[in-house]
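Take a look at the structure below.
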Amino acid sequence: MPMNAARGSLLGIEHLEAAEILKILKFARRMNPDRPRPLLKGKRVLLLFYEASTRTRSSFEIAAKTLGAHTVLVQAAGSSIEKGESLLDTGYTVRAVGADVIVIRHPNAGAPHVMAQHLDVPVINAGDGLHEHPSQALLDAYTILRNKKSFKGLQIAIVGDIFHSRVARSACHLLSKFGVKIILCGPEELVPEVAATLAPGIRVTRHIEDALRGTDVVMLLRVQKERLSGLKIDLPEYIARYQMTPARLKMAKKDAVVMHPGPIIRGLELTSEIADGAQSRILEEVRNGVPTRMAILARAMGRMR
Ligand code: NCD
């Protein structure tokens with residue numbers, strides 16, 4: 001975290017201590033999206049979205065409102081960002097308007113850090129380029145703990161485009177801090193060998209059977225068709241080798257759960273039987289996004305007590 005980032009900022013998981021992660025998760029468990037808790041009464045949460053978002057944006061907004069805050073959404077399209085205003089000038093502007101917390105999603109890695117370095121309000125990273133997506137990692141950890149009770153002895157297989165995934169990067173940092181065995185699986189171009197050095201306890205494999213054997217959690221990641229063009233592996237081959245199907249899921253532990261940060265592409269990363277099946281936790285992840293982000297926002301305002 002930049003030296004002078006405001007207390008309560010959440011810029012990434014990599015430098016967050018395990019104890020702090022557990023504190024956030026514990027507080028999230030006390031949050032009920034159906035029961036308003038005015039911890040942020042009268043505060044203004046600015047949602048600055050330079051990239052498309054459905055789940056992240058709506059759940060930050062609902063979380064903020066449930067805590068009694070006002071929310072203002074600024075999207076790149078239709079704002080002065082389109083006119084060429086710099087990131088920092090937009091930051092100074094929303095601060096001057098009265099933002100108490102800034103939630104930012106940006107296509108460039110490090111954009112939230114720049115913002116945090118120059119503004120005296122907490123900044124929350126809602127996804128920065130290929131770097132991190134800390135609130136997603138926290139809601140995924142929350143979901144895992146809801147289903148598996150503890151991280152102890154767990155094995156997770158993360159399958160898909162790991163190279164382009166900030167979700168995978170943040171998940172690896174988080175789960176590694178708790179000793180979870182992490183197996184990254186996919187073709188070489190999407191899962192480079194070097195991904196194993198991201199954090200301790202990570203192994204890379206090209207074979208789905210290898211990744212699924214003995215696995216408690218299967219996390220699938222979006223694969224963008226465009227990203228396969230020009231690679232050694234084409235779409236039909238990706239599907240043939242890595243798509244999650246009921247037959248494949250049987251290779252994992254009997255009580256394994258399937259996760260995906262969304263957006264899911266049915267017929268690509270997974271079949272509809274998997275997406276809608278009994279082992280899918282995909283919508284539960286979305287639901288858990290709200291209490292998790294309530295905790296993140298309460299923490300940002302020093303109200304996580
Ligand atoms: C992800 C993202 O934007 O990083 N989505 C999300 O926030 N749930 C994953 C993706 O776009 O593939």
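The values are calculated or read from the model by the stated rules, or taken from the named source; none is laboratory data. Computed from a predicted model, the values in this text were never measured in an experiment. Every residue, glycine among them, receives a Cβ derived from its backbone with ideal geometry; neighbour counts consider all protein chains shown. Keep in mind that these areas ignore ligands, DNA and RNA; they rest on the heavy atoms of the full protein, side chains included. Shrake-Rupley method; radii C 1.70, N 1.55, O 1.52, S 1.80 Å.
A few remarks follow.
- Peptide packing: for 224-232, 65-73, 45-53, the average count of neighbouring Cβ atoms within 10 Å per residue gives the ranking 45-53, 65-73, 224-232, highest mean first.
- Dividing the mean sequence gap of close Cα pairs (under 8 Å, 6+ apart) by how many residues region 138-182 holds gives a relative contact order of 50 percent.
- Percent of C-alpha pairs per 10 Å bin, region 143-202, short to long: 23, 56, 19, 1
- Scalar couplings 3J(HN,Hα) for region 67-76, obtained by applying the Karplus form with A = 6.51, B = -1.76, C = 1.60 to θ = phi - 60°, are 8, x, 8, 8, 10, 10, 9, 10, 10, 3 Hz; x denotes Gly and Pro.
- Under 5 Å from the amide H of Thr71 lie the amide H atoms of Val45, each residue being 5 or more positions distant or on a separate chain, with H modelled from the backbone and absent for Pro and chain starts.
- In degrees, nearest ten, helix 166-177 long axis to first principal axis of the chain (Cα): 80 degrees
- Helix 55-66 vs. the chain, principal-axis angle (Cα, 0 to 90°, nearest 10): 40 degrees
- With each label modelled as a point 7 angstrom along the Cα→C-beta vector, the Ile265-Leu22 pair spans 4.0 nm.
- Here the label points at Lys250 and Asp210, each 7 Å from Cα along the C-beta direction, are separated by 2.3 nm in the simple model.
- Cα long-axis angle, helix 18-30 against the chain (0 to 90 degrees, to the nearest 10): 80 degrees
- Angstrom value of the Kirkwood radius, inverse mean 1/r, which spans all Cα pairs in region 26-175: 16.6 Å
- The count of lysine pairs in region 135-285 with alpha-carbon distances below 24 Å, taking only pairs 8 or more places apart or on different chains, stands at 19.
- In the full protein context, the chain carries 44 Å² of accessible surface per residue, based on a 1.4 Å probe and ignoring ligands, DNA and RNA.
- Förster radius 22 Å - calculated FRET efficiency between Ala52 and Lys83, Cβ distance, rounded to 0.05: 0.65
- Peptide packing for 196-204, 280-288 was compared via the average number of neighbouring C-beta atoms within 10 Å per residue; ordered from the highest value, the list is 280-288, 196-204.
- Separation in nanometres of the label points that stand 7 Å from Cα toward Cβ, at Ser272 and Asn147: 2.2 nm
- Relative contact order (%) - criterion: Cα under 8 Å, at least six apart; region: the chain: 22 percent
- Taking the alpha carbon gyration tensor of region 135-285, multiplying each eigenvalue by 5 and rooting it gives semi-axes of 21, 18, 14 Å, largest first.
- Every helix of 4 or more DSSP H residues in the chain counts as -39500 (n - 2.57), and over all residues that averages to -11000 deg cm²/dmol at 222 nm.
- Considering all C-alpha pairs of region 16-90, those separated by over 19 Å amount to 51%.
- For the chain, the convex hull spanned by the alpha carbon atoms encloses 128 Å³ per residue.
- The apolar share of the surface of the chain, taken as the fraction of accessible area on carbon and sulfur atoms (1.4 Å probe, ligands and nucleic acids excluded), comes to 53 percent.
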